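All remarks here apply to the structure that follows.
The values are calculated or read from the model by the stated rules, or taken from the named source; none is laboratory data. Here the structure is a predicted model, which means the values were calculated and not measured. FYI the Cβ positions are ideal-geometry reconstructions off the backbone, even for glycines, and counts take in every protein chain you see.
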Amino acid sequence: MSKRIAVLHTSFVFVNVEPVFKNLFEELLPDVNVIDFVDSDVLAAVNRDGGINQSHIRRMVHLAQAAEDAGVDLIFSACSSLGPSIDVARKMVNIPIIKIDDAMTEKAVELASNIGVMATVPTTLPPTIDLLNQQAKIQDKTIQTKPYLCEGAWNVLMSGDRPRYDSMVLEGAKTLAPQVEIIVLAQASMSRLAPMLASETGMQVLSSPRLAVEYVRSLLDTL
């Protein structure tokens, strides 16, 4: 019997706009049954409220519990902004939950001490920086993080203007690159730009999707 995983989404971006995870699951986990659980408003609610509150946490816990009730072997949370809610959800379900940025932040700390963190949604910066700092403690390493927000780029992407979005993110990377040793993309929705950003800045640029799905694959092999 093939393994089953649940993917928790906090908007329809990875369903309707960026098929990055669909493509990666088909490539790396072709025999795994993937079930999507979507709360299409919770990320917007976090942005409206300026951060995570108990209501948002309850919504993510409910998604995780619904996934567990569906009989999946593992839960994968595809949203960086709601990362802190997953810490709560992990205590409420009895199956593994993987955060999208777990593998990426571990690798970033292994590779560099001065880490740039780019985002197009402000609420993704603190959770990603927190994960980097947690990894630094695990690895017994001192790091510095330099956040950079591409103001307005998310709304441009949601409007469907990819060329303008790409240009805004590239300009941000060019601004950040001279100040850091490596760049981390705090949102999976930015991942398709990683090769272009690396080429244009001459710097290593890490994105979460492939690293995350490879980690999911390795964990499924142990279950």
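Among the candidates 113, 55, 77, 40, the residue that is farther than 24 Å from residue 222 by Cα and under 19 Å from the mean Cα position of the chain (by Cα) is uniquely 40. Scanning region 190-202 for residues that are under 12 Å from residue 166 (Cβ atoms), surrounded by 21 or more Cβ atoms within 10 Å (Cβ to Cβ) and either touching a residue at least 40 places away in the same chain (Cβ under 8 Å) or of a type in the set (S, T, N, Q) (or both) yields a count of 1. When the residues of region 135-161 are filtered to those that are surrounded by 18 or more Cβ atoms within 10 Å (Cβ to Cβ) and at pLDDT below 90, the one that is nearest to residue 123 (Cα to Cα) is 154. Pick from 51, 116: which is in contact (Cβ under 8 Å) with a residue 12 or more places away in the chain and surrounded by fewer than 21 Cβ atoms within 10 Å (Cβ to Cβ)? That would be 51, the only listed residue that is in contact (Cβ under 8 Å) with a residue 12 or more places away in the chain and surrounded by fewer than 21 Cβ atoms within 10 Å (Cβ to Cβ).
Per this entry, residue 177 is counted among residues that are assigned by TED's automatic domain parsing to the domain that holds residue 117, buried (at least 19 other Cβ atoms within 10 Å of the Cβ), touching a residue at least 12 places away in the same chain (Cβ under 8 Å) and more than 18 Å from residue 124 (Cα to Cα). Check whether at least one residue in region 76-84 is surrounded by fewer than 23 Cβ atoms within 10 Å (Cβ to Cβ) and among the aliphatic types (A, V, I, L, M), and report yes or no. Within region 76-84, none of the residues are surrounded by fewer than 23 Cβ atoms within 10 Å (Cβ to Cβ) and among the aliphatic types (A, V, I, L, M). When residue 67 is tested against (1) over 22 Å from residue 211 (Cβ atoms); (2) modelled with pLDDT of 90 or more; (3) out of contact with any Leu (no Cβ under 6 Å at 6 or more places or on another chain); (4) not acidic (Asp, Glu), only condition (1) is not met.
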